[in-house]
1. Which of rounded, prolate or oblate describes the stretch 112-155 when judged by the alpha-carbon gyration tensor and an a/c cut-off of 1.5?
2. Between residue 374 and residue 146, what's the calculated FRET efficiency when r is the beta-carbon distance and R0 is 45 Å? Round to 0.05.
3. With a bin width of 10 angstrom, please list the P(r) values of the stretch 226-283 as percents of all Cα-Cα pairs, from the 0 bin to the one holding the largest distance.
4. Relative to the compact globular guide of 2.2 N^0.38 Å, what is the alpha carbon radius of gyration of the stretch 286-338, as a ratio?
5. For the stretch 3-132, what class follows from the C-alpha gyration tensor (a ≥ b ≥ c being the square roots of its eigenvalues): rounded when a/c is under 1.5, otherwise prolate if a/b is larger than b/c, else oblate?
6. In the P(r) worked out for the stretch 70-130, what percent of Cα pairs fall beyond 17 Å?
7. If we sort 279-288, 235-244, 17-26, 249-258 on the protection proxy, mean other Cβ atoms within 10 Å, highest first, what's the order?
8. I need the shape label for the stretch 203-378. Rule: rounded when a/c is under 1.5, else prolate if a/b > b/c, else oblate, with a, b, c from the alpha carbon gyration tensor.
């Protein structure tokens, strides 16, 4: 069944169902772009189109205060039933395993449960697909935390330590229990904190700069101006972990990071998103190798910027001219590659140039970006040989 074939009747029979039990009253619950407050009879969502979705929730306490946001990605199959429950004691979401009899009973009496399930707002589905079309199940399995829950609140634990009983350090041990003399001393005594590893999103690491002995300054400068080698190393690392060879997976990770920070409220995801934007925008040589990757990158970024809230965009994305600088370089790189190949009449390059021109015009009209003036204060520093 294609996306165009969906309607309310077909989705009622073929769409997925998310059952969610024991959710506290007046909590926030959402799927993709849609968010509601839970009522007394809330039990989940029906008529979910097949494909990747992001389910999230923020539990309310007895005073009505909303807590941190927790969420998870799931790739729904036709007629799939996914059941979850809220564990109030552990304050965590857990799988609720339906027995074969329970599943059969639910399917037979589906219409009786109808009033307890909210309908997926299908009118928003195309918007959602435009933001997730490169995310697949393998990528979700690779990137999601080990506990499969994406949380807006950092899960921190104190590093383990022991108080020594060696004679020479007894005095130090005793001082730990004394009242600190000032704020600086108090801060020094705070335990070192670290992320619980099983709660971290497992983003692909951006390769560090490693230069061999004897690399001359001009080569170092060229490496920072054109990040194609770093991009290739990133894709190789990503493909090795995913056990495939697909350059478009970087776009899937870009979309994954975008959803995690825009809807999941995860700050680390914003940082990964910015790193990936910087990497793709500054890889001129790679454009010649995979022009279609950059055609699709323009499409992905267009929909992301289109959906970004204005206040968020102004406060975060335009700070330090992040987007203007990177997109200025991106458009210059594409122009350089297209000008070089103008006699070849390569269809991919012609299409890339057309997409680039339209995207540039859109950004200038929508956000008043100026791509004509060189952003001198962010120009790369050229290394010189002092010998």
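Taken together, the values in this text are just the output of simple stated rules run on the coordinates, not laboratory data. What you are looking at is a predicted structure, and each value in this text was computed from that prediction instead of being measured. Virtual Cβ from ideal backbone geometry, glycine too; neighbours counted across all protein chains shown.
1. Oblate, since a/c reaches 1.5 and b/c is not below a/b.
2. For residue 374 and residue 146, the calculated efficiency is 0.50.
3. Reading upward from the zero bin: 25, 49, 25, 1.
4. So the stretch 286-338 has a normalised radius of gyration of 1.29.
5. The shape class here is oblate.
6. The share of Cα pairs beyond 17 Å in the stretch 70-130 comes to 59 percent.
7. Going from most to least packed, we get 249-258, 279-288, 17-26, 235-244.
8. rounded
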